[in-house]
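Structure first, then comments.
The values are calculated or read from the model by the stated rules, or taken from the named source; none is laboratory data. Not measured: the values here are computed from a predicted model. As a convention, Cβ positions derive from the backbone with ideal geometry for all residues, glycine included, and neighbour counts pool all protein chains shown.
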Amino acid sequence: MSKFLKARYCSLEVYTPGEQPRDKKYIKLNTNESPFPPSEGVIKAVNENEVRDLRLYSDPTANALKAALADLHGVRPENIFLSNGSDDILNFSFMAFTEKGAMFPEISYGFYEVFAELHGIDYVKVPLKSDFSVDPEDYTGDGKMVVIANPNAPTGLCLSVNDIEGILKANPKSVVVIDEAYVDFGGQSCYPLINKYKNLLVVQTFSKSRSMAGARLGFAIADEELISDLERIKYSTNPYNINRLTMAAGVAAVKDNDYYMENCQKIIENRDYTTRELEALGFYVIPSKANFIFAKSDKIGGEELYLKLKDNGILVRHFTKEAIKDFNRITIGSKAEMEAFIKATKQILEDIK
Ligand code: PMP
């Protein structure tokens, strides 16, 4: 840290992304990426001509991509905001809608707290119920922006659209951000509620179900006034926030929607398979609607299993937070990857007997 850094940033606890090691080839089940490549349409769209055009700025209005997404969701382009990964939308929301502070579940996506700290926002971390679920009744507004990942991470548990509507009704004076990064794996999106609730901001990403984590593309769906607020922040930070290659890839990915939805079905099947196998090995697995599962065993500690799997060339995500330190979050990959994971886990349990 240099002596030039502003005092308020010196004590920041930064977000720690999942490991991306380069020392050897791992079966990567630690950052909820897709095991499937982007669709053929995407591979064709990011072609030599697009690369040649990189000398030009990208379209700051992103009209083509907004139109494609609006068409897919049956909303208007004015209801869509695009960003460099959905993290950017979350960041902008923490900048824009937190006059009275923010509230989010105590166990959830770690970045919410980092954004709140970054912007010096007053925030409340709401405990989960003992079964790790979010209690919608806890989110009754005093004007604080509400942020809920649905499905939640790292638990994979999902609230119903009815529950979300309850939260919207209870918080008419604040923005309710529903982070649907994992919604395509069995959850139900609440974006149809944007017509009824002007305070609803739904955030989604191309990083998980659309196999484009490396392209950095996120989007929000909301009433056009909320979208225009986000545009104000974007035009005050980085107007060209979507690069040309990602823009082309995004338009092509929306056209190939069926391919991605079929892949989500495969992930759901592999999730069921992995859950069954882990349960047969005595694990407790929280029922997940995401492309990961959260599981623990009373035969082996969370960290020990994580380290032993890593020795076997398999990466999962372990969190050191006291309440969840017995668990590991395991991304659902291809069938072959999940078979390898189960085989290694069985062997590890055998070895420590
Ligand atoms: N929300 C949640 C709940 C996540 O787990 C992630 C991925 N780490 C994100 C948002 C951000 O994803 P991205 O920036 O890749 O769109």
Which residues, counting only those in segment 268-298, are outside any helix (DSSP H, G or I), exposed (fewer than 14 other Cβ atoms within 10 Å of the Cβ) and charged (D, E, K, R)?
Asp298
Hey, could you check segment 189-222 for residues that are in contact with a Ser or Thr (Cβ under 6 Å, 6 or more places away or on another chain) and within 11 Å of the ligand (Cβ to nearest atom) and say which is nearest to Leu168 (Cα to Cα)?
Val203
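Just to be sure before I move on: is Met247 of a type in the set (A, V, I, L, M, F, W, C), more than 20 Å from Glu180 (Cβ to Cβ) and within 16 Å of the ligand (Cβ to nearest atom) in the structure I sent?
Working: of a type in the set (A, V, I, L, M, F, W, C): yes; more than 20 Å from Glu180 (Cβ to Cβ): yes; within 16 Å of the ligand (Cβ to nearest atom): yes.
In short, yes.
Just to be sure before I move on: is Ala116 more than 29 Å from Ile293 (Cβ to Cβ) and not in a loop (DSSP other than H, G, I, E, B) in the structure I sent? Break it down into steps so the answer makes sense when it comes.
Details: more than 29 Å from Ile293 (Cβ to Cβ): no; not in a loop (DSSP other than H, G, I, E, B): yes.
Taking the combined requirement at face value, the residue does not satisfy it.
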Residue pairs qualifying under the 6 Å Cβ cut-off, at least six apart or on distinct chains, with the first in segment 327-353 being aromatic (Phe, Trp, Tyr) and the second being in a helix (DSSP H, G or I), are Phe327/Gly302
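Okay, residues lined up against (1) of a type outside the set (Lys, Arg); (2) in the same structural domain as Pro151 (by TED's automatic domain parsing); (3) within 16 Å of the ligand (Cβ to nearest atom); (4) in a helix (DSSP H, G or I):
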{"site": "Asp59", "(1), (2), (3), (4)": "yes, yes, no, no"}
{"site": "Ala64", "(1), (2), (3), (4)": "yes, yes, no, yes"}
{"site": "Leu69", "(1), (2), (3), (4)": "yes, yes, yes, yes"}
{"site": "Val75", "(1), (2), (3), (4)": "yes, yes, no, no"}
{"site": "Glu78", "(1), (2), (3), (4)": "yes, yes, no, yes"}
{"site": "Ile89", "(1), (2), (3), (4)": "yes, yes, yes, yes"}
{"site": "Phe92", "(1), (2), (3), (4)": "yes, yes, yes, yes"}
{"site": "Phe104", "(1), (2), (3), (4)": "yes, yes, yes, no"}
{"site": "Tyr109", "(1), (2), (3), (4)": "yes, yes, yes, no"}
Return yes or no: is Asn47 more than 17 Å from Gly250 (Cα to Cα) and either at pLDDT 95 or above or not assigned by TED's automatic domain parsing to the domain that holds Ile178 (or both)?
no
